[in-house]
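Each reported figure results from applying straightforward, stated rules to the coordinates on display, with no laboratory input. Here the structure is a predicted model, which means the values were calculated and not measured. Ideal geometry is used to build each Cβ from the backbone, glycine not excepted, and the neighbour counts take in all protein chains shown.
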Amino acid sequence: MKFNTKTIHGGQQPEETTGAVMPPVFLTSTFAQSSPGEHKGYAYARGTNPTRTALEKSFAALENGTNAFAFASGMAAVDAVLRLLKPGDEVVAGDDLYGGTYRMFTQLFEKYGLVFSYVDMNVVGNVSSAITKKTKLVWLETPTNPLMKIADIQAISLAVKDINTTILIAVDNTFATPYLQRPLDLGADIVMHSATKYLGGHSDLVMGALMVKDEILAKELHFIQFAAGAIAGPMDAFLALRGIKTLHLRMQRHCENGKAVAEFLKNHSKVGEVFYPGLESHQNHEIAKKQMKDFGGMVSFKLKEATFRFLENTKLFTLAESLGGVESLVNHPVSMSHGSIPEAARLKIGITDSLIRLSVGVEDIDDLLTDLEQALNV
Ligand code: PLP
């Protein structure tokens with residue numbers, strides 16, 4: 001199956017008893033047994049639920065994995081990956097991460113004895129140099145949130161596995177989605193998503209996903225999902241599955257609109273730097289071109305002045321947390337999504353007060369550009 005078919009049919013079968021084309025929402029916590037341990041494959045809904053199973057099969061198909069797991073949030077999915085490690089283990093992570101991931105690493109897991117180092121993953125050699133005998137996991141985002149930096153997944157995977165084949169490589173693929181890039185095909189071991197974003201696509205749920213291609217890793221992650229319990233509920237699983245069926249259509253338009261917005265901003269006198277991997281001026285444009293099918297709908301930029309005035313005056317771009325829905329959103333990373341990163345750490349990598357992040361939706365591009373122009377001129 002090609003990708004655009006997989007979004008609709010990947011891992012899906014009509015429901016067994018009725019032939020329902022969409023899986024019913026199995027709102028049940030438990031399943032009848034004919035004798036202790038004798039059941040139809042489902043025992044207790046923390047372990048498995050048929051609606052979640054349908055979604056997890058779709059997740060696996062999208063990323064060319066063998067298994068996938070749906071969690072209560074993106075952060076619960078990150079948490080499950082970190083639970084594969086033990087005190088003393090080291091993690092090499094990108095230096096530009098979603099603020100909540102950084103917060104989880106520094107404020108939750110450091111106290112359990114995990115050791116994190118942060119490197120600029122633009123340069124593959126930075127990753128190799130940070131690896132020690134204790135490194136068990138490399139964690140990367142590409143494109144990064146919010147600076148849209150690109151890491152070469154294949155080159156990093158090869159370099160890391162060359163040092164030690166047992167080090168796991170996990171990629172947060174939230175910004176790109178499997179429509180644009182599939183990290184498991186490029187050598188990664190684990191793909192993570194905030195399915196809250198493009199996979200769900202309609203800003204109506206909070207969910208996380210992990211996809212893998214190795215059966216042993218799949219068993220370990222399923223055990224963690226079951227034992228720690230941060231599962232996605234059946235109603236959210238249904239909504240995510242419905243959203244995924246139009247992922248390819250939405251992404252195509254997000255990419256078209258994202259490119260037009262980036263070009264518009266680049267040529268605007270009130271705008272400073274624009275961060276969009278589709279621009280030839282982007283420092284990793286060539287890697288992005290090699291690794292991604294297109295460049296997505298996320299665009300960050302710096303305003304020369306009056307940042308808050310702009311943020312308060314967009315009309316179609318709603319000022320709100322989150323991204324990846326059909327509607328356009330605008331975010332101020334310093335006070336919103338990345339507020340938990342200490343000032344010195346964020347300034348070091350360029351997350352300044354004038355930085356603005358746009359999630360460009362699928363509205364008519366003329367209306368979006370008109371909105372940006374009027375907000376820039378207030
Ligand atoms: N990873 C990225 C790149 C994100 O943007 C987010 C949320 O914004 C997360 C992870 C966390 O996901 P969630 O909010 O679904 O817990």
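Taking the longest Cα principal axis of the chain as reference, the axis of helix 247-266 is set at about 20 degrees. A simple spin-label model places pseudo-atoms 7 Å from Cα toward Cβ; at residue 13 and residue 120 they are separated by 5.2 nm. Restriction of the trypsin sites (Lys or Arg not before Pro) in the stretch 313-378 to DSSP coil positions whose beta-carbon has at most 11 other beta-carbons within 10 angstrom yields 315.
Here, P(r) means the percent of Cα pairs in each 5 Å bin from 0 to the largest distance; for the stretch 117-174 it is 4, 20, 34, 26, 11, 4, 0.
When all alpha carbon pairs of the stretch 161-304 are counted in 10 Å bins from zero, the resulting P(r) reads 11, 32, 33, 19, 6, 0 %. Adding -39500 (n - 2.57) for every DSSP H run of four residues or longer, then dividing by how many residues the chain holds, sets the calculated 222 nm ellipticity at -10000 deg cm²/dmol.
Each part gets one Cα centre, and for the stretch 306-353 versus the stretch 101-129 those centres are 23 Å apart.
Dipole check for the chain: with +1 at the C-beta of Lys and Arg, -1 at the C-beta of Asp and Glu, and the Cα centre as origin, the magnitude is about 540 Debye.
DSSP assigns beta bridges within the chain; of those with both partners inside it, close to 55 percent run antiparallel. Bridgeable lysines around residue 40 (alpha carbons under 25 Å apart, same-chain partners fewer than 8 residues away excluded): 57, 219.
Multiplying each eigenvalue of the alpha-carbon gyration tensor of the stretch 79-210 by 5 and taking the square root yields semi-axes of 22, 18, 13 Å, largest first, rounded to whole angstroms. Per-residue extension of 0.36 nm, minus the Cα-Cα distance of residue 39 and residue 315, leaves a gain of 94.0 nm for this segment. For the chain, the C-alpha radius of gyration sits at 0.99 times the compact-globule guess of 2.2 N^0.38 Å, with N the residue count.
How far is helix 153-163 tilted, in degrees, relative to the longest principal axis of the Cα atoms in the chain, given as a value from 0 to 90 rounded to the nearest 10? So the helix axis and the longest Cα principal axis differ by about 60 degrees. As a length-normalised measure over Cα pairs under 8 Å and 6 or more apart, the relative contact order of the stretch 283-378 settles at 36 percent. Rounded to the nearest 20, the Cβ-based charge dipole of the stretch 1-85 about its Cα centre (Lys and Arg +1, Asp and Glu -1) stands at 140 debye. Pairs of Cα atoms nearer than 8 Å and 6+ residues apart set the relative contact order; for the chain it is 17 percent. Taking all Cα pairs closer than 8 Å and separated by 6 or more residues, the relative contact order of the stretch 1-131 comes to 17 percent. Here the translational diffusion coefficient of the stretch 248-376 follows from Stokes-Einstein with Rh set to the Kirkwood radius across Cα pairs; for 10 °C and 1.306 mPa s it amounts to 107 µm²/s. Rg/Rh, computed from the Cα trace of the stretch 306-365 with Rh as the Kirkwood radius, has the value 1.01. Placing dummy labels 7 Å off each Cα toward the beta-carbon, the span from residue 260 to residue 235 is 3.6 nm. Extending 7 Å from the Cα toward the beta-carbon at both residue 158 and residue 308 defines two label points whose distance is 5.0 nm.
Between the residues 301, 370, 277, the greatest Cα displacement towards the positive end of the dipole of the stretch 248-376, with unit charges on the Cβ of Lys, Arg, Asp and Glu, is found for 277. Loop-resident GluC sites (Glu not before Pro) (DSSP state other than H, G, I, E or B) in the stretch 1-76 with no more than 13 further Cβ atoms inside 10 Å of their Cβ: 16. The C-alpha atoms of the chain define a longest principal axis, and helix 234-244 lies at about 50 degrees to it. Its Cα centre serving as origin, the stretch 248-376 has a Cβ charge dipole (Lys and Arg +1, Asp and Glu -1) of approximately 440 debye.
The lysines whose alpha-carbon is closer than 23 Å to the alpha-carbon of residue 133, local same-chain residues fewer than 8 away aside, are 86, 111, 161. For residue 315, the aspartates and glutamates whose Cα falls under 12 Å of its own Cα, not counting residues fewer than eight places away in the same chain, are 327, 367, 371, 373.
Computed from the C-beta positions of residue 363 and residue 4 and an R0 of 22 Å, the FRET efficiency is 0.50 to the nearest 0.05.
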